[in-house]
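Written below as structure tokens is the structure these notes are about.
The values are calculated or read from the model by the stated rules, or taken from the named source; none is laboratory data. Just so we're clear, the structure is a prediction, and the values are computed from it rather than from any experiment. As a convention, Cβ positions derive from the backbone with ideal geometry for all residues, glycine included, and neighbour counts pool all protein chains shown.
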Amino acid sequence: MSSLRTTTSLGSSPIVDAVRPAVDDSLATGADVSLSPNADDRRGYFVQVALEQWAESGYHSVTMRNVAGRSEFSHGLLSYYFGSREQLVRECLDFSCRSLADSFAQVPAGPLSVDEVAHEIAGSVIEREVHHRVRLDLRNLAMFDETGAEFSESCDGAYEASLGALLGRITDENGQAAFTVDATVHTAIDGLVRRQLSEHAPPMVEDGLLEEELVRLLNALAD
């Protein structure tokens, strides 16, 4: 008997798009994908489904039942790859932290203007929206849960290190750093990002508003 079942399809996302051909082929043929060679892709698929569940409904909604119900596969196949909810959650966190740490890895080297940095930050929030929502949800969880605090510190640290390096490349007309990147700067930017995410249901649309507000904020910090 096949371990697959059909449900409402997920929207587009990098991992979902990458595995969809294999998923569609398996659905069409009734093959048991748990024995096929694309196991890593399906594991990543479940992680993406769980992250989307987390981003929309919070940490406590990430249960094996909810993730399986949201996916295109059975609860049994999810359990085949992840023996417990805790294992799935930890892999989600690892993936999110790595994604946030790499937020600005593709930005060309050299000095940057305020407009360029605002564009990169806004682009990161749009492209990695799920991971930012998870990061901010973890911060809320950290107030009540010791494990949540540990995870939150890890993800925040990864993102802030990447963001700090980007902000440090903003220079004035004399080629000097425009401002000192400290906790105040991170808090101000994070507050703006949090407000934008709270005002928009996922997925966010790139309407330029976040970028404009970031330009105003960064210019104010540089004055």
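Is it the case that region 137-156 has a residue that's more than 24 Å from Gln53 (Cβ to Cβ), of a type in the set (S, T, N, Q) and either assigned to a helix (DSSP H, G or I) or assigned by TED's automatic domain parsing to the domain that holds Ser61 (or both)?
No, region 137-156 has no match at all.
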Scope region 170-193; condition touching a residue at least 12 places away in the same chain (Cβ under 8 Å) and more than 13 Å from Leu217 (Cβ to Cβ); matching residues = Thr171, Asp172, Gly175, Val181
inquiry  = So for region 158-174 (the condition being in contact with a Cys (Cβ under 9 Å, 6 or more places away or on another chain) and not β-branched (Val, Ile, Thr)), does at least one residue qualify?
reply    = yes
note = Counting only residues in region 107-150 that are surrounded by fewer than 16 Cβ atoms within 10 Å (Cβ to Cβ) and under 17 Å from the mean Cα position of the chain (by Cα), the one modelled with the highest pLDDT is identified as Glu127
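Test of understanding: among Leu51, Leu88, which residue is in contact with a Ser or Thr (Cβ under 8 Å, 6 or more places away or on another chain) and either touching a residue at least 12 places away in the same chain (Cβ under 8 Å) or charged (D, E, K, R) (or both)? Before you say what the answer is, go through the steps one by one.
Values: Leu88 fails: in contact with a Ser or Thr (Cβ under 8 Å, 6 or more places away or on another chain).
After applying the criteria, what remains is Leu51.
Anything in region 74-102 that is under 22 Å from the mean Cα position of the chain (by Cα) and among the hydrophobic types (A, V, I, L, M, F, W, C)? List them, or say none. Spell out the reasoning first.
So the first thing to find is which residues in region 74-102 are under 22 Å from the mean Cα position of the chain (by Cα), and the list is 78, 81-82, 84-102.
Scanning region 74-102 gives Leu78, Phe82, Leu88, Val89, Cys92, Leu93, Phe95, Cys97, Leu100, Ala101.
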task = Run down Asp94, Asp102 and say which single residue is free of Cβ contacts under 8 Å to residues at least 12 places away in the same chain and either in the same structural domain as Gly164 (by TED's automatic domain parsing) or not aromatic (Phe, Trp, Tyr) (or both).
result = Asp94
task = Please give the number of the condition Arg98 fails out of (1) at pLDDT 95 or above; (2) of a type in the set (D, E, K, R); (3) under 21 Å from Glu153 (Cα atoms).
result = (1)
